[in-house]
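The structure under discussion appears below in the form of structure tokens.
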Amino acid sequence: MKRPLRNPLGLITCLVHWLVAVSAAEFETRESSAGLEIFEKSIRPALIEHCFECHSAQAKSLKGGLRLDARDLLLAGGDSGPLFDAGDPDSSLLLSALRQETLEMPPRGKLPDATIDAFQEWIELGAPTPASFQASEASVSMPSSAERHWAFRPILRVNPPRAESGHWARNPIDLFILHAMKGKGLSPSAPAKPATLIRRLSFDTIGLPPSEPQFEATRIAPHPAWYEGQIEGFLAAPQFGEHWGRKWLDLARYADTNGVDENYNFLNAWRYRDYVVRAFNRDKPFDQFLIEQIAGDLLPKIEDSHRQADQIIATGFLTLGPKMLAEQDKDKLLMDIVDEQIDVLCKTAIGMTIGCARCHDHKFDPISSEDYYAMAGIFASTRTMANTNHVSFWTETVLPNPRNLTLIKLHEASLSERETAIDQLKREPSSEENKEKIRSQEKELKALRDRGPDLPKAMAVIDGIPRDLAIHIRGNHLNQGATPIPRGVPSQISPPLPGALPARSSGRLELARWFTDDDNPLTARVMVNRIWQGYFGKGLVSTPSNFGTRGGEPSHPGLLDWLAMELVDSDWSLKHIHRLILSSSTYRQASQPRPEMARIDPDNRYYWKQNRRRLSAEGIRDSILQVCRQLDLRMEGRVDHANRNETYYRGNGEEFQSPRRSIYLPVIRGRGYDLFNTFDYSESGAHLAQRTVTTVPHQALFMLNAPLVIDAAEAMAAQLDPGSGDLTPLYRGILFRNPSPDERRLAAALQQQVKSFTEPDSKRSPVGVLIQSLIASNEFVYVD
Amino acid sequence: MLTSHSRRQALKLTALGLGSVLCHGGRETLLASNASPLAPRPAPMKARAKRVIFLFMHGGPSHLDTFDYKPRLERETGQPLPFAKPRVQFAKTGNLLRSPWSFRQYGDSGAWVSELFPRLATQVDRLAFVKSIHGSNEAHGGALLKIHTGSDTFVRPSLGAWVSYGLGTENPDLPSFITINPSLGHGGVQNFGAAFLPPIHQATRIGKRGQSLRDLQFTHIAHPETSDAIQRAQLDFLRQQNARPLRRSGDSPEWSARSDSFELAYRMQSIIPGLMDLESEPKATRERYGLGNETTENFGRQCLLARRLAESGVRFIQCSHGYWDQHSNLKKQHAELASQVDQPICGLLTDLHARGLLDETLVIWGGEFGRTPTAQGKDGRDHNPHAFTWWFAGGGIKAGLSYGQTDDYGYYAAHDKAHIHDVHATILHLLGLDHETLTYRHAGRDFRLTDVSGKVLTPILV
């Protein structure tokens, strides 16, 4: 191993793969990142402190022809030959020198045993080094070779592998999948049965179970084109935008209250939520969707007032974060807001965690503090807060609307009406009662005047005074560097900005265009990976919001790039990507376990079957209500806050009683809906790349005792014909299949038992208990 | 590193192992299993305490009127503060204001306690006071988040969630982290949430601030119209119903784990209501905690329930009491608030001791900040995150100690300063956890409760 490694991470991944017969992708990247950590924690500091004096570019005279300040040089060794073979510490010259068995290094005295052990462990792990330790000319401090990490390299225009014999492959996705299986003893699964497939397709696209006609159509042998027609139907359904919009809201840390210290209502946040639903439904080009959210207010004005309003509403993305409204150090408050905006934006759009660079150069990715403050300058030049009062308030913008003028006139009329009434009262003979009336009416008048006309407003940012920020040393706003850093974008990630940012605006629009440049290597890859994750339960890259050097590597790099290129080439049409995935044979496979495949690839890394997935919190609630015929499918609109005021959220949870889809229930930071909390959606204050799926007894308690489940089941029971006793419609309506003979016996036995246990006036009915039990069954919450 | 890997692998499986183990053996095997995220785990270091009871005084009790006696403040009342006030203040304050209460020394340790805590004063030889705690956030919300999660800037897991993540629960039929009557404002569930840790580590909440514990139950622990017999029938049905597709398509671990979680839920249902039934305690015990007395009833119930939960193996229990925020009306309201907790706390300490539980339980008392020695109005004090007092008792704590000092007036922590990160590091240390290695990988890096700071306050340890 004398040659410099082009991709050390990849190599180590392979090594671990061979050595340990465990093939979980996650585990491998963790192994190499463990090695990287040792490097950063022990190896690099020891090299700098004890070795560089004689073995680096800084050495006055280089000793032994050996340099240790870059990976290729370190691996090449010096006059005495190579220092070690990665993975094989036993024969290492380096270790024997450190142990002072052969050479005695460092000459001034042996290093502590713990440090030598760290060298040994690091070599065992394959001696990984970060990008910053790559090139010979590299300085020791700063990661400089971004191009070495796969995600920073340009997206490749990859040709799909050629078709092998057989007819399994339906589109290029399948060719990539098949190609990766080759030679591994793996083969794809048969397609799922139509009834299973329609249920999967329905939950995956619209987040609801299929309708009765859709399900019925699967019972007669479907026409070959049937499935394609279903895809188009689901992609066109208005519920598509709700289901996929909700996923975006996780990324955008959407909520209807501020959370943290002062849990103020975000009375106008819902407009952003609805904008997202609309955008996904109308297949708004993804580049435009992103640009609007970063800088919609800076785009050219549009005549159509609805479309113009949407551009403003979109920037709500930047203001929806939790803010310490009562923080009295207002400079800190503003910098914290900027930090939160950068964090959520970079994770969402380009899958990068940039926040670290607020306090120091990013340890693993090529983001320097300069890069951070260049970007921070853009947001510091943007106004997110309307004021910095004791409890501060965010900016809201009045939306263009043809009715605004009318509303203003109505407001003025109502003011003058009240003024007249008060004048009238004042002319009447004075009495205690009269005085009291005047007082109360004047109070109302003042409140009305303060409130202003009820014009539609959105949480939205506006441009502030452009300014460049200096580096805040260790992130401390009270300790700033001397020179302001010109506003800009991360310098190590291509493409470079076409020119300097304008002096007269914040630069948000230019930043937005940089994110969505066809040549940006991250944006398209990150988004197609998110869509893939929505259909298979995991992404081609296992860390959907971390494409940096510490994130996962793509399991199918060619496929990822091909999909990303398809996105860009289709003018950023997301539905095009959805359609490609849904129509592939890969997606259509059955999810049944196949032990002979699982032995080779237990984690289904190669997609030899579909993955069984549990419904999300929203999916569970919505489908309970849907199968029990309780769900209200009205779309969009204001959130029902129990107490519609601009300050504290004071609801008592009644607003969670609404029968509308879950996306329209308020998201209350700090006191979320218990159903959401129970089923793994508990944190609405931060970007959420992927919900964890846990299986805990609290969920079972919910299914057994929550009024939501029991009320829905009993309401459905009450609608059924009590005399019929036919279980078929029940099983078809809830589990999408007919009951088997032994299930019929089981269900009859349960109903019989319940009947014998219940008092005559009980609110529980035998069939209600049966419905509840079917809802609580595994089959109901898993999608196969 | 490697242990943290395998921990995470186990966590990813969540209740999987738990499920399969339950099939074969039941409780004993379950306890031995390491695959459940809540399975008990041996502490990596020597543990001096097995669990925590945190008595949280919401609003910011005044250290100057309770435990941090300042003779100069008394002498120089009405005069201006002879040094600068902090750059950022929550509100404007005036000149120095003496405490309306007199102080006395108690016990062999000679600890100073004001008239506000006559009963607790009899217990001072069991306590270690730390008088130099300091944070940075001068508003309630930020300060609550800081003491509960270590961060008033970012969404982070709470102390109790970290402890649950690190140690699991001793009793698989109960949650590992329970919070009683917490405030839902000022950070709300974030103060006892799991953030990016697996959600199982968030606290199970019983009630909220201002509710009487008398009528409270765990959420979804029962349904009034569904009898035990019905549920038993349902569970039998579910077991068979869930087994059907298994026969058809082979086992999948999450499938059987979910089936088994229903059995576990059923056991929780049968245990928890009895645990919440405080009337089953002998009269003398109830009176010891102040039950039956209107003033002390509610916090007494919290403390008594905390002891019962501790006894049953819950890892982290938080009781909350408020609202100690006397910008005005200090004299009246601090006296009322102290009288509500004085006896219950004394009852808790003596009861834990009598049962031999105090040695293995860490009891913590404190608020989100202290208050200013300077007056707000005539009878009030402003928020003061720059100095406040907490006390600790029980497992591993050097009893009868006062550690750290504030300046002559109690505005700033001055000697042996203890940052909130240090307090967190110390709590973890007492439980056998190293705050530097108790990490969780999230968004590409390892997070810890103490971020990049924290040192264990060894002088307060045995």
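Every number in this text was worked out from the coordinates using simple rules, so none of it is lab data. Everything numeric in this text was worked out from a predicted model, so none of it was measured. Note that we place each Cβ from the backbone using ideal geometry, even for glycine, and neighbour counts take in every protein chain shown.
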key: For residues of B:188-199, the mean tally of beta carbons on other chains within 10 Å   = 6
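Give me the Å³ per residue figure for the convex hull around the C-alpha atoms of segment B:142-196. Display every interim value, and only then the final one.
Details: hull volume 4.2 nm³, N = 55.
Taking only Cα atoms, segment B:142-196 has a hull volume of 77 Å³ per residue.
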task = Give me Rg over Rh for chain A, both radii from the alpha carbons and Rh done the Kirkwood way, two decimal places.
result = 1.03
message = Quick one: 3J(HN,Hα) in Hz for segment B:170-177, Karplus 6.51/-1.76/1.60 with θ = phi - 60°, rounded, Gly and Pro as x.
response = 7, 10, x, 8, 10, x, 8, 9
remark   = For segment A:727-732, in residue order, the Karplus 3J(HN,Hα) values (coefficients 6.51, -1.76, 1.60; θ = phi - 60°; whole Hz; Gly and Pro = x) are 8, 4, x, 4, 5, 5
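Quick one: how many lysine pairs does segment A:402-453 have with C-alpha atoms less than 21 Å apart and a gap of 8 or more or different chains? Give me the count, please. Walk me through the numbers before you get to the answer.
Details: A:Lys409/A:Lys446; A:Lys426/A:Lys435; A:Lys426/A:Lys437; A:Lys426/A:Lys443; A:Lys426/A:Lys446; A:Lys435/A:Lys443; A:Lys435/A:Lys446; A:Lys437/A:Lys446.
Final tally of qualifying lysine pairs is 8.
Applying 1/(1 + (r/R0)^6) with R0 = 35 Å to the Cβ-Cβ distance of B:Gln79 and B:Ser453, what FRET efficiency is obtained, to the nearest 0.05?
Working: r = 36 Å, r/R0 = 1.03.
Result of the calculation: an efficiency of 0.45.
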message = Could you derive backbone 3J(HN,Hα) for segment B:430-436 from the dihedral phi with the Karplus parameters 6.51, -1.76 and 1.60 (θ = phi - 60°), listing whole Hz in sequence and x where the residue is Gly or Pro?
response = 4, 8, x, 10, 9, 5, 8
key: Of all DSSP beta bridges in chain B, antiparallel share, percent nearest 5   = 45
task = Please work out how much length the chain gains when fully extended from B:His415 to B:Leu461, using 0.36 nm per residue of separation minus the C-alpha to C-alpha distance, in nm with one decimal.
result = 14.8 nm
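Got a sec? How would A:Arg439, A:Arg273, A:Arg612 order by Cβ neighbour count within 10 Å, fewest to most?
Details: A:Arg439 10, A:Arg273 27, A:Arg612 18.
Fewest-to-most ranking of A:Arg439, A:Arg273, A:Arg612: A:Arg439, A:Arg612, A:Arg273.
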task = On each of the three principal axes of the Cα atoms of segment A:402-453, give max minus min coordinate, whole Å, ordered largest first.
result = 46, 17, 9
ask   = Once the other residues with Cβ under 11 Å from the Cβ of B:Arg75 are scored (Lys, Arg +1; Asp, Glu -1), what is the net sum?
value = 0
query = Per 10 Å bin, what percent of the C-alpha pairs of segment A:153-294 does each bin hold, from zero upward?
reply = 9, 25, 27, 25, 10, 3, 0
ask   = Which Rg and Dmax, in Å, describe the Cα atoms of segment A:435-592?
value = 24.8, 80
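Based on the mean of other Cβ atoms within 10 Å per residue, sort peptides B:360-372, A:365-377 so the most packed one is first.
On the way: B:360-372: 26.5, A:365-377: 24.8.
Ranking the peptides B:360-372, A:365-377 by packing returns B:360-372, A:365-377.
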request  = May I ask for the Kirkwood hydrodynamic radius of segment B:309-462, worked out over all distinct Cα pairs and given in angstroms to one decimal?
outcome  = 17.7
ask   = To the nearest 0.05, how large is the calculated FRET efficiency for A:Ile408 and B:Gln89 if R₀ is 35 Å and r is the Cβ-Cβ distance?
value = 0.30
note = As a Kirkwood estimate from alpha-carbon pairs, segment A:194-236 has a hydrodynamic radius in angstrom of 10.2
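So for A:Ser33, A:Ser545, fewest C-beta neighbours within 10 Å to most, what's the order? Can you show the working numbers first?
Numbers: A:Ser33 24, A:Ser545 27.
Ranked by crowding around the Cβ, least crowded first: A:Ser33, A:Ser545.
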note = Among segment A:193-228, those whose backbone N falls under 19 Å of a label point 7 Å along Cα→Cβ from A:His167 are A:193-194, A:221-228
request  = Please work out the FRET efficiency for the pair A:Asn652 and A:His390, using the Cβ-Cβ distance as r and a Förster radius of 22 Å; give the result to the nearest 0.05.
outcome  = 0.20
request  = State log₁₀ I(q)/I(0) for chain B at q = 0.07, 0.13 Å⁻¹ as given by the Debye formula over alpha-carbon point scatterers of equal weight, solvent excluded.
outcome  = -0.37, -1.17
note = Expressed in nanometres to one decimal, the distance between label points 7 Å along Cα→Cβ at A:Ser91 and A:Arg307 is 6.9
Listed residues A:Pro659, A:Phe702, A:Tyr673: farthest to the positive end of the dipole of segment A:654-724 (Cβ charges) = A:Tyr673
note = Once both label points are put 7 Å beyond Cα along the C-beta direction, the A:Ala59-A:Thr728 separation in nm becomes 8.6
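Normalised by the residues of chain A, what does the relative contact order come to in percent, with Cα pairs under 8 Å and at least six apart? Please report the intermediate quantities before stating the final value.
Working: 1263 pairs, mean separation 122.0, N = 784.
Once normalised by length, the contact order is 16 percent.
How do A:Ser684, A:Ser724, A:Ser187 line up, fewest other C-beta atoms within 10 Å first?
On the way: A:Ser684 23, A:Ser724 10, A:Ser187 14.
By the 10 Å Cβ count, ascending: A:Ser724, A:Ser187, A:Ser684.
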key: Amide H within-cut-off set for B:Ala414, under 5 Å, with H built and near neighbours excluded   = B:Gln405, B:Thr406, B:Asp407
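If you count, for every residue in A:249-259, the Cβ atoms of partner chains within 10 Å of its Cβ, what is the mean?
Values: counts 0, 0, 0, 0, 1, 0, 0, 0, 1, 1, 6.
So the per-residue partner count for this stretch is 1.
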query = Counting only Cα, what are the radius of gyration and maximum Cα-Cα distance Dmax of segment A:460-502, in Å?
reply = 13.0, 33
inquiry  = For chain A, give me the percentage of DSSP beta bridges that are antiparallel, rounded to the nearest 5 percent.
reply    = 95
ask   = For A:Lys110, which lysines qualify as cross-link partners when the Cα separation must be under 30 Å and same-chain residues fewer than eight apart are set aside?
value = A:Lys2, A:Lys41, A:Lys60, A:Lys63, A:Lys363, B:Lys455
query = Among the lysines, which fall within straight-line cross-link reach of A:Lys247, defined as a Cα-Cα distance under 28 Å, with same-chain neighbours fewer than 8 residues apart omitted?
reply = A:Lys193, A:Lys284, A:Lys323, A:Lys347, A:Lys457, A:Lys538, A:Lys575, A:Lys609, B:Lys12
key: Whichever lysines have a C-alpha closer than 23 Å to that of B:Lys378, once near sequence neighbours (fewer than 8 apart) are set aside   = B:Lys70, B:Lys85, B:Lys92, B:Lys331, B:Lys332
